[in-house]
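Q: Input: one structure, supplied below.
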């Protein structure tokens, strides 16, 4: 079921139950890990009496996880679309602008979510679990804003070692996903100051942009 | 039970069974994920008829996972100890030497393991799962070779923003762990050339060192 089909065909009460299940699943998975949370417990903690409620709304655990992912990606996509639209012409794109368009939308999304949030730790698990990894990566890469960034072209130009570019892309992805999960965990545990959460997210965003700028320049050479 | 107690007190036959269980668990976890592999299945696929064989040898799933981790870390530690011993005096330590001592030992360990291996994907899951994350990070940081690297001092000197240094350390850890898991998965699936595995590992090591050099210089400033 796609998001639009869902909205068109299910009742408000059913939509509410789905929503509650998704939030509960995300929280439990983030706090305890995929391996330590059963489908049945998700239904129970979402206050549903029917023991097959998750199967009824989502068929399988993976469908439930995909639905949670899709919703966050749609929210991040909105941020990225507006950032990409504000970019100049391809030739004028700086490396720092390019990196900012990759990093900042998910930082803004984390700020929108408030504290505590669970998405960061949830996402880190989906990119690591073998059965979910490919779906997660492909779902991100097929977003229109990412395709637009591709059309604009990587600011270093086309004459680069393809394998090195792929590895650089993977490094950027690992840093964004796993550093966000780590800050989220620190905020949730009180190790990072709850009241200064937005400032912590912005600082992480700035540090990621600076780090990825250095990493990219070092790996692919300075801009020609 | 520590590794040395294990060696001193259990029979050869029992040690063999433990070994088989650890290898089987690592492989199944790497290929299917923690969430999709039961303790019972590990015993079965290790060819054990007793349904409680894992509990008998390891008490809990976490103890089993810790035992697998400890064994790999001991092997990596051997590589790092000899690299650290070959370093010059603290004052002479270059940033590239420092990064090489952090990155290269786990690359050498992956080459020792051969192809296919499972440790990389296994480790990536332990640093992401909430109940295992802290153990995994602490187990690495308390290794004597890491303490020795600390004594030698970070080559940028002591007058740095502490929070930035911690974040840089976390970025380095994420890159090593998750990029290794990704290459291992590519080698296992045939997406990367099996016959050229050692070359791929060495290239990943070189790229990580180059990337981390750029990341560190960009984040903490050029060397004074």
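The values are calculated or read from the model by the stated rules, or taken from the named source; none is laboratory data. Fair warning: this is a prediction, and the values are worked out from it, not measured in the lab. Reconstructed Cβ throughout: ideal geometry from the backbone, glycine too, with neighbour counts over all protein chains shown.
Q: Within the stretch A:23-33, which residues are assigned to a helix (DSSP H, G or I) and either touching a strand residue (DSSP E or B) at 6+ places or on another chain (Cβ under 6 Å) or facing chain B (nearest Cβ under 8 Å) (or both)? Lay out the reasoning, then the answer.
A: Keep residues of the stretch A:23-33 that are assigned to a helix (DSSP H, G or I), which gives A:23-32.
Listed by number, the residues that qualify are A:30, A:31, A:32.
Q: Still on this structure, I have one more. Do the conditions hold for residue A:111, that is, is it surrounded by 15 or more Cβ atoms within 10 Å (Cβ to Cβ) and modelled with pLDDT under 90?
A: Working: surrounded by 15 or more Cβ atoms within 10 Å (Cβ to Cβ): yes; modelled with pLDDT under 90: no.
No.
Results for (1) closer than 15 Å to residue B:175 by Cβ; (2) surrounded by 18 or more Cβ atoms within 10 Å (Cβ to Cβ); (3) touching a strand residue (DSSP E or B) at 6+ places or on another chain (Cβ under 8 Å); (4) touching a residue at least 24 places away in the same chain (Cβ under 8 Å), shown as yes or no for each residue.
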site: A:140; (1), (2), (3), (4): no, yes, no, yes
site: A:162; (1), (2), (3), (4): no, no, no, no
site: A:168; (1), (2), (3), (4): yes, yes, no, yes
site: A:181; (1), (2), (3), (4): yes, yes, no, yes
site: A:193; (1), (2), (3), (4): no, no, no, no
site: A:216; (1), (2), (3), (4): yes, yes, no, yes
site: A:220; (1), (2), (3), (4): no, yes, no, yes
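Q: Within the stretch B:122-224, considering only helices (runs of 4 or more DSSP H) that don't extend past its boundaries, which have at least 2 residues that are within 13 Å of chain A (Cβ to nearest Cβ) and closer than 30 Å to residue A:122 by Cβ?
A: B:130-141, B:162-189, B:197-220
Here is a yes/no grid of residues against (1) farther than 30 Å from residue A:152 by Cα; (2) assigned to a helix (DSSP H, G or I); (3) more than 14 Å from every other protein chain (Cβ to nearest Cβ):
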site: A:14; (1), (2), (3): yes, yes, yes
site: A:19; (1), (2), (3): yes, yes, yes
site: A:35; (1), (2), (3): yes, yes, no
site: A:50; (1), (2), (3): yes, no, yes
site: A:69; (1), (2), (3): no, yes, yes
site: A:74; (1), (2), (3): no, yes, yes
site: A:77; (1), (2), (3): no, yes, yes
site: A:87; (1), (2), (3): no, no, yes
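Q: Then there is this: Just to verify a result, which residue in the stretch A:55-64, among those that are part of a helix (DSSP H, G or I) and under 23 Å from residue B:39 (Cβ atoms), is farthest from the other protein chains (Cβ to nearest Cβ)? Steps first, answer last, please.
A: Within the stretch A:55-64, the subset part of a helix (DSSP H, G or I) is A:55-58, A:61-64.
Those still in the list that are under 23 Å from residue B:39 (Cβ atoms) too: A:61-62.
Values: A:61: 8, A:62: 10 Å.
By that ranking, first place goes to A:62.
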